[in-house]
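The values are calculated or read from the model by the stated rules, or taken from the named source; none is laboratory data. Keep in mind the model is a prediction, meaning the values are calculated, not measured. Positions of Cβ are backbone-derived with ideal geometry, glycine not excepted, and every protein chain shown enters the neighbour counts. Each accessible area value is taken on the protein alone, full model and side chains, heavy atoms only, with ligands, DNA and RNA left out. Shrake-Rupley method; radii C 1.70, N 1.55, O 1.52, S 1.80 Å.
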Amino acid sequence: MNVSYDVRIHNIEKRKNSAGQITSCRVSWKVNGTPWKERFSTVALADTFRAELMAAARRGEAFDVTTGRPVSWKREESVLTWFAFSLSYAEAKWKHASPNHRRGIAEALTDATEALLLGVDKAPDRDTRRAALRWAYSNRVRDGLEEPPAALAAAYRWLESNTVLMTAFEEPSGKGAVLARGLLDRISSTKEGKTAAAATTARKRATVNNAMEYAMEIGALSSNPLKAVKWTRPRLLASVDPRVVINIGQARRFFSAVEQRAERGKRMKAFFGCMYFAALRPEEVVDLREEHLVSLPVGAWGEMRLTNAEPRAGSRWTDSGRVRERRGLKHRANGDTRSVPIHPELGAMLRAHIDEFGTGPDGRIFIGPRGGLMTDRAYLKVFHEARGRAFTEAEAKSPLMAVPYDLRHAAVSTWLNAGVSAPQVAEWAGHSVDVLLRVYAKCIHGQQGAAMKRIWEATRA
């Protein structure tokens, strides 16, 4: 066999159409002076192939002058490493995933990668490795960057050649299943090695399972290795704990305590009121604008019509690079709206808020003291301080309204217990009826007596 160690690998060449979109990528290199090239449809696939060539060259492997490939490759097609594959998967999902879903994908892939490393003894420290993975799954994919920042370059290059091959999942004698089980064990644990929350484990397992299905689509695997493992899924808490739900008296104590927190608290009284009286999600309150207030009469019910939400995902995961990105309403098609009644007490809060603080850019109702977005950090600080002042010692130590989202739970529970029909509550809250009844089944109080009376009437002689 004619081999050579004289290898020169060039940068990726990208071809774009008239709109500036990348249509193809080409990897070119030379072996013993002979040029070779390979064309790919995406940057991720091209970068994967180039990274494998680079890794072989760095290890001092011989290249076959008749194929241009490392001699160690048993076939002409590239053999994907887990790291290279995971980059390809993250890029394939990016365009159609929400910012929070992108972050979830990256978290699952980062944990999975830790279970599939080779030669950890000589690896960069764990925090640097994880930082390099976060960069690879976010900035690299979103911005099309080829080189990581200097502080992460060594860890990134190490990852390129120190994760298992995808073919390792198909090794005989149960070795592939052992590898898959180790992966599942890792995503079921926290970074510190403790058992992760059931919902977190389920979410990460769904991501990794989808990644394996994608591997089958592109021919990297012939079957899904996770299905060969008998693994007990964690039990999920499907319904809201009724202990977190506050009543109207506790809510009014809380609003009073919020208002006492100087100007910052006054700015947030109606903010929290939208969650308690209208069951808005925090990201829906952040996006609430004056145009959404259809009617706001004095002493009577009003109406708001929601159009968008601004969930917080982090600047790494949004297309704009901002912490929040405006999107359509959750569980609804783009452009769909949702009408919600405005309780007279909430109407008074909103009128007082607008009269005192006005509105921000684009008519945004809730803004910070300096005119910026209402940040999580700002409203969480006020929330926990007000909760501590408003509640008794026993209430404060209990799960009662432990997080702001529990205000929304209280709103939905109040509507259901007031006898509002489930379809109407589901429409106002932005749920489907089946999800609504499953999630809030334990929060429907005061109806047992009436139910037993009806049964008695139906069965007595």
Take the range 76-94 and flag every residue that is at pLDDT 90 or above and either among the basic types (K, R) or open to solvent by 40 Å² or more (accessible area, probe 1.4 Å) (or both).
E91, A92, K93
Looking at this structure, is G193 under 30 Å from T42 (Cα atoms), free of Cβ contacts under 8 Å to residues at least 40 places away in the same chain and either in contact with a strand residue (DSSP E or B) (Cβ under 6 Å, 6 or more places away or on another chain) or open to solvent by 40 Å² or more (accessible area, probe 1.4 Å) (or both)?
no
Any chance A211 is touching a strand residue (DSSP E or B) at 6+ places or on another chain (Cβ under 9 Å), closer than 27 Å to S98 by Cα and not polar (S, T, N, Q)
no
Among the candidates V323, V340, single out the residue that is open to solvent by 40 Å² or more (accessible area, probe 1.4 Å) and more than 30 Å from A396 (Cα to Cα).
V323
Residue hits (the range 106-139; open to solvent by less than 10 Å² (accessible area, probe 1.4 Å), within 19 Å of the chain's Cα centre (by Cα) and not polar (S, T, N, Q)) are A106, A108, L109, D111, A112, A132, L133, A136, Y137
Check the range 177-190 and report whether any residue there is part of a helix (DSSP H, G or I), at pLDDT below 90 and either in contact with a strand residue (DSSP E or B) (Cβ under 7 Å, 6 or more places away or on another chain) or open to solvent by 80 Å² or more (accessible area, probe 1.4 Å) (or both).
yes
Find all pairs meeting these conditions: Cβ atoms under 6 angstrom apart; at least six residues apart or on different chains; first residue within the range 369-387 and of a type in the set (S, T, Y); second residue assigned to a helix (DSSP H, G or I) and surrounded by 16 or more Cβ atoms within 10 Å (Cβ to Cβ).
Y379/M268
Mind checking whether some residue in the range 41-55 is open to solvent by 40 Å² or more (accessible area, probe 1.4 Å) and at pLDDT 85 or above?
yes
Please return the ranges of helices (runs of 4 or more DSSP H) entirely within the range 209-307 where 3 or more residues are open to solvent by 10 Å² or more (accessible area, probe 1.4 Å).
248-259, 262-278
I'd like to verify a number: residues in the range 196-205 that are within 16 Å of W231 (Cβ to Cβ) and open to solvent by 60 Å² or more (accessible area, probe 1.4 Å), how many?
1
Given (1) more than 23 Å from H409 (Cα to Cα); (2) over 18 Å from the mean Cα position of the chain (by Cα); (3) among the acidic types (D, E), identify the lone condition not met by E345.
(1)
Among helices (runs of 4 or more DSSP H) lying entirely in the range 350-459, which contain 1 or more residues that are at pLDDT 85 or above, open to solvent by 50 Å² or more (accessible area, probe 1.4 Å) and farther than 20 Å from V244 by Cβ?
376-390, 422-429, 433-439
For a quick check of your reading: which helices (runs of 4 or more DSSP H) sit entirely within the range 35-144 and have at least 1 residues that are among the aromatic types (F, W, Y)?
43-58, 82-94, 126-135
